[in-house]
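Q: Once you've had a glance at the structure underneath, I'll fire off some questions.
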Amino acid sequence: MYQMFLGGALRVKAAALAGGAWSKQWRRWAPVAVLVGLCIIIGLFNPNFFGGANFVRMLNTAAIPLVICMGVTFVILMGSIDLSAEGVIAICAVAASMLVANDFTGIAIGLFSVPAAILIGSLVGLLNGFIHVKFRIPSFMTTLGMGFAGIGLATAILGGVMVRISDSSFRDYLSLGRVFDIPAAVYIAGVAVIVAYVIQERTRIGRWVYAIGTDEATARNAGIPVDRTRIIVFGIAGAFYGLAGALSAAQIGRGHALISQDRLFTAITAIVVGGTALSGGVGSVLNSVIGVFIVIVLTNGMVLMGIEPYVQKGVQGLLIIAAVALALDRSRLDVVK
Amino acid sequence: MKMESRTRLQTWLPLIVLVVLVLLVGLYDRTFFSAGNMLEVTADTMTLFLMASGVTLVIMIGGIDLSVQAVASMTSCILAVYLPRFGIFAIPLAVIGGVIAGFAGGYVSTRLRIPSFIATLAVSGVVLSAGNWFSETKSVVIPGELSQTYLTWAVGDFLGVPNEIWVGVAFLLVLSAVLGLTPFGRLVRGIGAQERAVMASGIDVDRIKIAAYTLSGTMAGVAGIVMAARLGSGSPTLANEFLLPAIACIVVGGTAITGGVGSIWRTFVGALIVQVVRIGMTFIGVSVFAQQIVFGFILVAAVAVTMDRAKVLVIK
């Protein structure tokens, strides 16, 4: 059952099994194989890895990256990139923490701050998309600028201080409270994955994303509203960052501008390691789920093996290079910018 | 005729903007015009310019280098850690660190065919770890007497002009000569303008590209050394917050993100514009944090103005 589900989701076609499609097949399943292989190797080094407590810890660490990746994946599937995640998350985390009971503002709207954060995130995302499409600026430039502006905005609002959240039910419902010993954040991330999967499989936007990523000119000729789809997809991505912002604020109980540090890098690593191609059109949100767990398991494994934390970024960098180099379909590219 | 005057305007626009900005800030505060202040402002700009000068080449070939801030931080660490041990040889060692990082970015981007912004982002992760490894994640102080012996070329002054400016101008001249007078420079422009054509004429495009990325890493390395010399310490986060201003000063100077058009002096002017804008904002009372917002928007606006839209049909 599980195999069927994952198999269908990763777009395995029975016909592809025949003959020369072997390497293609391998590419599709490589991320899963890598994840399983990693687990086995780390488990051999340190049997504690397979303990229930460690498993819950990893799930909890994976929650926020999962939510972020759900957003970035759609953008990458279109062949664009979103480098603004950190900035948008910072704005939304600061906004969320200012809207619940806190020591900075007098506002306390409790859990309504979550939809508010999602709304703010999607508005910033739409602005990203609008600038990118209407002014015809490459997405990496638009989102790079917006990301920095976002962190600047979050810092400027706070003047360099932190917001302390005093609303404990906000933190419980979003992050800390446990059901069956698993933190709430994990369930929320699970819902986010399902929502993203439904968008991908069951909506027109989801289908159009693949069409645009595969061949934008053809998609345009086929009558797909490419510009509108692009703007909406950036908006969807922003909505996921908004949720990630609220989750981050709930997790640490504070809101500040650097709350999302290094999140972007981890997200992009996870997505490409999961097998979604940066050139667009190939991949899935479920690939990103696998990717996130590869990164989290690796990080966890490095900690268990006693490797210095600062090495992680380097390992992530090498992972990006290796994953992209291995997965890249070179026949599709001639000029690489 | 109209076309011609328009391109001429585009050529000189950054310089005009710079003069106007200087006048505006000067009207606000007369002391800004004093020779001492002018020199100080220019000297403060040089590290930014050094960092941006190499990236200019990468942008001219139509790529981007997002690793420069990590590279500069790493070389500052190498310098600070090895200066007590190896003396003057720590400087070439640090530069070599930059060369290797730049080469790695170029190699990954071209030979492995990974888009440059992801390739250099990935390399910057590795470089950041390397910087942390060299400095053992700490900020490393350069002892004053060592700085006196080995680093006065960067922080002292000569003929009344701070040495940062001499260093900056020297690299401005060298890189401009490389870009303007050598076959390499012509190929850089050619690749940016029409990569396929250059490829079709039998030139090893990848090699030129790798050279451009390597130069970018080298210049980031030099920038890191000058930065460490000025601050008297090296740290793995020394050059953070420099990436955005560096790219901003390239595009503000008029180098197009789409490649092919640009020059080093434009980046020089762009760096001065960024610096004067920053000073102006500080005068008006815009906080350092809020300045990031302004730079974010300046960047996007400048890209919008300078981009050659005829060249890219599909904008990803």
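Q: For the stretch B:59-76, take each phi angle, set θ = phi - 60°, evaluate the Karplus expression 6.51 cos²θ - 1.76 cosθ + 1.60, and give the result in whole Hz per residue in order, putting x for glycine and proline.
A: 5, 5, 7, x, x, 8, 10, 8, 9, 4, 5, 5, 5, 4, 4, 4, 5, 4
Q: Let me ask another. How big is the shadow of the Cα convex hull of the protein assembly as shown, averaged over all directions, in nm²?
A: Directional mean of the projected Cα hull area for the protein assembly as shown stands at 32.1 nm².
Q: Would you kindly calculate the mean projected area, averaged across all directions, of the convex hull enclosing the Cα atoms of the stretch A:56-162, in square nanometres?
A: 7.9
Q: Give, rounded to the nearest 20 debye, the magnitude of the charge dipole that the stretch B:47-244 has about its Cα centre when Lys and Arg contribute +1 at Cβ and Asp and Glu contribute -1 at Cβ.
A: 460
Q: Moving to a separate point now. Provide the per-residue ³J(HN,Hα) series for the stretch B:140-145, in order, calculated from phi with Karplus coefficients 6.51, -1.76, 1.60 and θ = phi - 60°, each as a whole number of Hz, with x at glycine and proline positions.
A: For the stretch B:140-145, the Karplus-derived couplings read 10, 7, 8, x, x, 5 Hz, x marking Gly and Pro.
Q: I need the peptides A:275-286, A:208-219 ranked by packing, meaning the mean over residues of other C-beta atoms within 10 angstrom, with the highest value on top.
A: Peptide ranking by packing, descending: A:275-286, A:208-219.
Q: With charges only on Cβ, +1 for K and R and -1 for D and E, what is the dipole size of chain A about its Cα centre, in debye, rounded to 20?
A: 740
Q: For every helix of n ≥ 4 consecutive DSSP H residues, a contribution of -39,500 (n - 2.57) applies; sum these over chain B, divide by its total residues, and give [θ] at 222 nm rounded to the nearest 500 deg cm²/dmol.
A: My calculation for chain B gives -25000 deg cm²/dmol from helical runs alone.
Q: So, one more: When ligands, DNA and RNA are left out and all protein chains stay put, how many square angstrom of accessible area per residue does chain B have with a 1.4 Å probe?
A: The answer is 41 Å² per residue.
Q: If Lys and Arg each add +1 and Asp and Glu each add -1, what is the summed charge of the other residues whose beta carbon sits under 14 Å from the beta carbon of B:Leu18?
A: +2
Q: Could you pull out every residue, at least 5 positions away or on a different chain, whose amide H is within less than 5 Å of the one on B:Ser233? Hs are placed 1.01 Å off N in the peptide plane, and Pro or chain starts have none.
A: When sequence neighbours closer than 5 places are left aside, the close amide H contacts are B:Ile142.
Q: Kindly state, to the nearest 0.05, the FRET efficiency for A:Leu111 paired with A:Asn46, given R0 = 41 Å and r defined as their beta-carbon distance.
A: 0.60
Q: Which aspartates and glutamates, if any, have their Cα less than 16 Å from the Cα of B:Lys209, not counting same-chain residues under 8 positions apart?
A: Here the aspartates and glutamates satisfying the reach criterion relative to B:Lys209 are A:Asp334, B:Asp65, B:Glu195.
Q: Something else about it: In debye, nearest 20, what is the charge dipole magnitude of the protein assembly as shown about its Cα centre with +1 on Lys and Arg Cβ and -1 on Asp and Glu Cβ, if you could check?
A: In debye, rounded to 20, the protein assembly as shown gives about 1760.
Q: Can you tell me which of A:Ile118, A:Ile252, A:Ile271 moves the most in a GNM of chain A? Springs connect C-alpha atoms under 10 Å apart.
A: A:Ile252
Q: Note the count of lysine pairs whose C-alpha atoms are less than 28 angstrom apart in chain A, limited to pairs 8 or more residues apart or on different chains.
A: Number of lysine pairs found: 4.
Q: Select from the stretch B:110-131 all residues whose loss of accessible area on going from the chain by itself to the full protein assembly reaches 20 Å² or more (probe 1.4 Å).
A: Buried on complex formation: B:Leu112, B:Arg113, B:Ile114, B:Pro115, B:Phe117, B:Ile118, B:Leu121, B:Ala122, B:Gly125, B:Val126, B:Leu128, B:Ser129.
Q: Moving on. Using the Cβ atoms and a cut-off under 13 Å, what net charge is assigned to the surroundings of A:Met302, where Lys and Arg are +1 and Asp and Glu are -1?
A: 0
Q: Right, here's the next one. Between the stretch B:250-286 and the stretch A:280-302, what is the C-alpha centre distance in whole Å?
A: After rounding, the separation between the Cα centres reads 39 Å.
Q: What is the interface area between chains B and A, defined as buried accessible area summed over both chains with a 1.4 Å probe, reported in Å² to the nearest 100?
A: Protein heavy atoms only, the B-A interface buries about 4200 Å².
Q: Right, here's the next one. Got a sec? Charge dipole of the stretch B:47-244, +1 on Cβ for Lys and Arg, -1 for Asp and Glu; which of B:Gly131, B:Gln194, B:Pro143 is way out at the positive end?
A: The Cα lying farthest towards the positive end belongs to B:Gln194.
Q: Among A:Tyr197, A:Thr218, A:Gly281, pick out the residue whose Cα is farthest towards the positive end of the charge dipole of chain A, where Lys and Arg carry +1 and Asp and Glu carry -1 on C-beta, about the Cα centre.
A: Value: A:Thr218.
Q: Additional query: Between the stretch A:220-256 and the stretch A:43-105, how many Å separate their Cα centres?
A: Using only Cα atoms to place each centre, the spacing works out to 13 Å.
Q: Moving on to the next point. Just going by the charge dipole of the stretch A:35-328, with Lys and Arg at +1 and Asp and Glu at -1 on Cβ, which of A:Gly79, A:Tyr241, A:Ile294 is farthest out on the positive end?
A: The listed residue farthest towards the positive side: A:Gly79.
Q: Which order, highest average first, do A:308-315, A:65-72, B:103-110, B:76-83 follow once you tally other Cβ atoms within 10 Å for each residue and take the mean per peptide?
A: A:65-72, B:76-83, B:103-110, A:308-315
Q: Now a separate question. Taking all protein chains in place and a 1.4 Å probe, what share, in percent, of the accessible surface of the stretch B:162-316 do carbon and sulfur account for?
A: 70
Q: For chain A, what is the accessible area per residue in Å², given a 1.4 Å probe and the full set of protein chains?
A: 41
Q: With contacts defined as alpha carbon pairs under 8 Å and 6 or more residues apart, what's the relative contact order of the stretch A:35-328 in percent?
A: Reported relative contact order: 33 percent.
Q: Let me ask something else. Could you check how much of the accessible area of chain A is carbon and sulfur, as a whole percent, using a 1.4 Å probe?
A: About 68 percent, which is the carbon plus sulfur part of the accessible surface.
Q: Looking only at other chains, what is the average number of their beta-carbon atoms within 10 angstrom of each beta-carbon in B:296-305?
A: Whole-number average of other-chain Cβ neighbours for B:296-305 is 6.
Q: Amide H of A:Arg254 versus every other amide H placed in the peptide plane: which residues, excluding those fewer than 5 positions away on the same chain, fall under 5 Å?
A: Distant-sequence amide H within range of A:Arg254: A:Ile165.
Q: Another question, if that's okay. Anyone know which of A:Arg254, A:Arg57, A:Arg171 comes out most mobile in the 10 Å Cα GNM of chain A?
A: Looking only at A:Arg254, A:Arg57, A:Arg171, the largest GNM fluctuation is found for A:Arg57.
Q: List the residues whose amide H sits under 5 Å from the amide H of B:Asp157, counting only those 5 or more places along or on another chain, with H placed 1.01 Å from N in the peptide plane.
A: Here B:Asn163 satisfy the definition.
Q: Given an 8 Å cut-off on Cα distances and at least 6 residues of separation, report the relative contact order of chain B as a percent.
A: Relative contact order, chain B: 32 percent.
Q: For peptide A:154-160, compute the average count of partner chain beta-carbon atoms within 10 Å of each residue's beta-carbon.
A: 4
Q: Provide the per-residue ³J(HN,Hα) series for the stretch A:46-52, in order, calculated from phi with Karplus coefficients 6.51, -1.76, 1.60 and θ = phi - 60°, each as a whole number of Hz, with x at glycine and proline positions.
A: Per-residue couplings from phi come out as 9, x, 4, 4, 7, x, x Hz.
Q: Where does each of B:59-70, B:235-246, B:18-29 land if you order them by average Cβ count within 10 Å, highest first?
A: B:59-70, B:235-246, B:18-29
Q: Using a 10 Å cut-off around each Cβ of peptide A:265-274, what is the average number of partner chain Cβ atoms that fall inside?
A: For this peptide, the per-residue mean of nearby foreign Cβ atoms is 2.
Q: Still on this model: Of the residues B:Thr120, B:Thr182, B:Thr152, which exhibits the maximal mean-square fluctuation in a Gaussian network model of chain B defined by a 10 Å Cα contact cut-off?
A: The residue with the greatest mean-square fluctuation here is B:Thr182.
Q: Could you tally the net charge around B:Gly180, taking each other residue with its Cβ under 13 Å from the Cβ of B:Gly180, Lys/Arg +1 and Asp/Glu -1?
A: +3
Q: So what does A:His256 come to for accessible area, using a 1.4 Å probe and Å² rounded to 10?
A: Counting only protein heavy atoms, A:His256 exposes about 40 Å² to solvent.
The values are calculated or read from the model by the stated rules, or taken from the named source; none is laboratory data. Remember, it's a predicted structure, so these values are computed and weren't measured experimentally. Positions of Cβ are backbone-derived with ideal geometry, glycine not excepted, and every protein chain shown enters the neighbour counts. Areas reflect the complete protein model, heavy atoms only, side chains present, ligands, DNA and RNA absent. Shrake-Rupley method; radii C 1.70, N 1.55, O 1.52, S 1.80 Å.
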